[in-house]
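Structure record follows, encoded as structure tokens.
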Ligand SMILES: Nc1ncnc2c1ncn2[C@@H]1O[C@H](COP(=O)(O)OP(=O)(O)O)[C@@H](O)[C@H]1O
Ligand SMILES: [Mg+2]
């Protein structure tokens, strides 16, 4: 509604040098090695990269939902609404989560409570965030189920989570996330567990809802195809760092990091209805337990030269608004 007016102007979320570690018995895993990016009001930002590159840890660090005993954000800032979320009290943080920032996860079964009806849970979310009475909240729950295209919402509000299909549960989760009209929705691989047709429906739904509500979306996925369909801008992560960031159009037109190019060549094979990657990028992701010398992608990179193994490349603009962390980005772009 108000989206078109504000899109692209105002910075909603400003993440600076975010650094998160996990502490094991004998080692420290540097899951995030200092990442910086912004989400503008009303935009959809894709966060893409292979499994283990730090996408979920980014989301959990922003929302401060990391396991307390084993993980810590050791540096950086998460600026949202003029404040650094990392400095808020736990109580203030609870006022942000599920209110101004909502999150949906891969497997909605783990986020929905099996002993309450779906309607009850959505109504509860509505009541936490508004002054609605119980019956008003229940009516709102029905309306939200209709909004996310669940047929027969009058009946479905009375369903328990196990009485719904996976796709329907994910829709219900989206309805719950929208109950509070968040300014930012973080969706962490929300369609990965679903079959391809349902995935496409859910993606279309997220795009459509975003356009109607003006909510900014941070869309986390390992699938560049999903990014192309849903996002305006994208950051590409590798081994806990951002290696490329650009508008979706620029990223596909001129991928400037060899890792991004590798990802583009390994588009999933959807014909079989599952996410099989052909071909894989050869080589393995480096251990995050040792400090990385040089570029973390160098061992797998067809462009690597001496400097790549010696000095860590920083993310720099190779075109206006298009950044790459690669010593040879100009040559890679033209390759
Ligand atoms: N609970 C955990 N305990 C220890 N290390 C973790 C944990 N969760 C994530 N990590 C580390 O952080 C890295 C990034 O994980 P994650 O953000 O979950 O990756 P993804 O991009 O697949 O979402 C992993 O490779 C792993 O080394
Ligand atoms: Mg993940």
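The values are calculated or read from the model by the stated rules, or taken from the named source; none is laboratory data. In this text, all values refer to a predicted model and were calculated from it rather than measured experimentally. When we count neighbours, we look across all protein chains shown, and the Cβ atoms used for this are built from the backbone with ideal geometry, even at glycine.
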Please go through region 124-169 and pick out each residue that is touching a helix residue (DSSP H, G or I) at 6+ places or on another chain (Cβ under 9 Å), in a helix (DSSP H, G or I) and either touching a residue at least 60 places away in the same chain (Cβ under 8 Å) or closer than 20 Å to residue 100 by Cβ (or both). 124, 125, 126, 127, 137, 140, 144, 147, 169
Scan region 50-74 residue by residue and report those that are in contact with a helix residue (DSSP H, G or I) (Cβ under 9 Å, 6 or more places away or on another chain) and either assigned to a helix (DSSP H, G or I) or over 18 Å from residue 221 (Cβ atoms) (or both). 61, 62, 63, 64, 65, 66, 67, 71, 73
Only one of (1) in a loop (DSSP other than H, G, I, E, B); (2) farther than 24 Å from residue 247 by Cα; (3) over 24 Å from the mean Cα position of the chain (by Cα) does not apply to residue 284, and that is (3)
Those residues of region 282-299 which are touching a residue at least 40 places away in the same chain (Cβ under 8 Å), surrounded by 11 or more Cβ atoms within 10 Å (Cβ to Cβ) and out of contact with any strand residue (DSSP E or B) (no Cβ under 7 Å at 6 or more places or on another chain) amount to 285, 286, 292
In this structure, is residue 89 at pLDDT 95 or above, over 22 Å from the mean Cα position of the chain (by Cα) and either away from ligand 2 (no atom under 16 Å from the Cβ) or buried (at least 19 other Cβ atoms within 10 Å of the Cβ) (or both)? yes
Answer yes if at least one residue in region 11-30 is closer than 12 Å to residue 216 by Cβ, modelled with pLDDT under 95 and touching a helix residue (DSSP H, G or I) at 6+ places or on another chain (Cβ under 8 Å), and no otherwise. no
Hey, among the residues in region 228-244 that are within 21 Å of residue 203 (Cβ to Cβ) and in contact (Cβ under 8 Å) with a residue 60 or more places away in the chain, which one's nearest to ligand 2 (Cβ to nearest atom)? 237
